[in-house]
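As structure tokens, the structure follows; a few thoughts come after it.
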Amino acid sequence: AKSAGGNRFELADPEADARAITRHGLTTALPAALDRNEFFIEYQPLVHLGDGSVRGAEALVRWLHPQHGVLGPDRFIPLAEHTGLIVPLGRWVLDQSVRQAKQWQERHGGNDATGPLRINVNLSPCQLSHPGLVQDTVDILERAGVSPDALCLEVTESALIGADDDLLKPLRQLAEMGVDIALDDFGTGYSNLANLRRLPVSILKLDRSFTQGMQQFPADPVDLKIVEGIVSLAHSLNLAVTVEGVETGAQAEQLRILGCDTAQGWYYARPGPPERLHELALVDATG
Ligand code: C2E
Ligand code: CA
Ligand code: CA
Ligand code: CA
């Protein structure tokens, strides 16, 4: 609509302006948002490809913004990283998710074959270099009464490329306690595969781009070969392989045949409220 001010604003790129204003607005609103409890977590199940059982879930944070509605992490995590708010926000996500895992475990217990339901939490590189990480994690697990074995911290491959011993030390300490460390978005960061041996990781999380190559049937033969190679290398290093972004049954079947261990994606469930995992795990437990 034309205003009394004429067309002055139409000369600029209105969308770019809106984006910049929003980015600035979101950045300044972040600290209060944490105080006001505007963040919430959705959980997406992790499914064992061999038997289809739900083994746990990944915690994915969202922001219920009073004006803009629900914002995905891609909109605000980079801003939180830039301002340092990611440290308290990440701690909050870890605390909430671990408490949630405790509730699932109390309701379903898990069985001898699968163990208790597990919780995967994303860790930003800033949290990795924050000196409180190990102690905070220990405190959170102890307060909730959750075993370190039930926690997996996901760190992106790019965050660990060229990581020196100082950066790896907290991860090593956590791994020694029994926390699993997963290398997230694996395959996108050009990491030296031989380097995997010096990283304290126990899980490779294969990036969605590989899963996408398996959408057609027959799948892209080059993609198949690459995934096959990664899986056999991972297993020879005693690493489990999780695949993300599984959207169809055909993909799931292909990835199972290729030897992947665990899968996550819309085919099983979209990220959702914690009660949803109760239902999925319960159906699963009763057959
Ligand atoms: P990610 O760790 O790679 O998480 C997987 C993303 O793929 C999620 O996006 C999930 O909703 C989406 N996804 C799951 N299944 C499918 C599928 O079948 N198809 C497609 N196309 N997408 C699928 P989301 O929730 O928007 O999260 C985006 C990224 O934000 C995450 O990528 C993660 O890097 C980051 N993130 C989320 N929560 C946190 C957090 O608490 N802390 C930190 N530091 N980062 C977080
Ligand atoms: Ca992740
Ligand atoms: Ca473990
Ligand atoms: Ca990813």
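When Ala80, Ala59, Ala32 are screened for being free of Cβ contacts under 8 Å to residues at least 40 places away in the same chain and among the small types (Gly, Ala, Ser), only Ala32 passes.
Across region 235-248, the qualifying residues are those that are open to solvent by 30 Å² or more (accessible area, probe 1.4 Å) and farther than 11 Å from Lys205 by Cα, and the one among them that is nearest to the chain's Cα centre (by Cα) is Glu247.
Scanning region 206-256 for residues that are over 25 Å from Ser158 (Cα atoms) and hydroxyl-bearing (Ser, Thr, Tyr) turns up just one, Thr248. Taken together, Leu183, Leu204, Leu199 contain a single residue that is more than 16 Å from ligand 1 (Cβ to nearest atom) and in contact with a helix residue (DSSP H, G or I) (Cβ under 9 Å, 6 or more places away or on another chain), which is Leu199.
Only residues that are open to solvent by less than 30 Å² (accessible area, probe 1.4 Å) and within 14 Å of ligand 2 (Cβ to nearest atom) were counted across region 164-205, and they come to 10. The listed residues are His108, His130, and the only one of them that is in contact with a His (Cβ under 9 Å, 6 or more places away or on another chain) and either over 30 Å from Gly229 (Cβ atoms) or open to solvent by less than 10 Å² (accessible area, probe 1.4 Å) (or both) turns out to be His108. Of the residues making up region 227-250, those that are within 18 Å of Asp185 (Cβ to Cβ) and part of a helix (DSSP H, G or I) are Val227, Gly229, Ile230, Val231, Leu233, Ala234.
Here are the criteria: (1) at pLDDT below 95; (2) in contact with a helix residue (DSSP H, G or I) (Cβ under 8 Å, 6 or more places away or on another chain); (3) away from ligand 3 (no atom under 16 Å from the Cβ). Tell me which single one Pro218 does not satisfy. Failing condition for Pro218: (2).
When region 54-69 is filtered for residues that are open to solvent by 10 Å² or more (accessible area, probe 1.4 Å) and away from ligand 2 (no atom under 16 Å from the Cβ), the ones remaining, listed by number, are Val54, Leu64, His65, Pro66, Gln67, His68, Gly69. Reported count of residues in region 120-177, each being small (Gly, Ala, Ser), in contact with a Lys or Arg (Cβ under 8 Å, 6 or more places away or on another chain) and in a helix (DSSP H, G or I), is 2.
The values are calculated or read from the model by the stated rules, or taken from the named source; none is laboratory data. Just so you know, these numbers come straight off a predicted model, no measurement behind them. Positions of Cβ are generated from backbone atoms using ideal geometry, with glycine treated the same way; all protein chains shown enter the neighbour counts. Heavy atoms of the whole protein, side chains included, go into the accessibility calculation; ligands, DNA and RNA do not. Shrake-Rupley method; radii C 1.70, N 1.55, O 1.52, S 1.80 Å.
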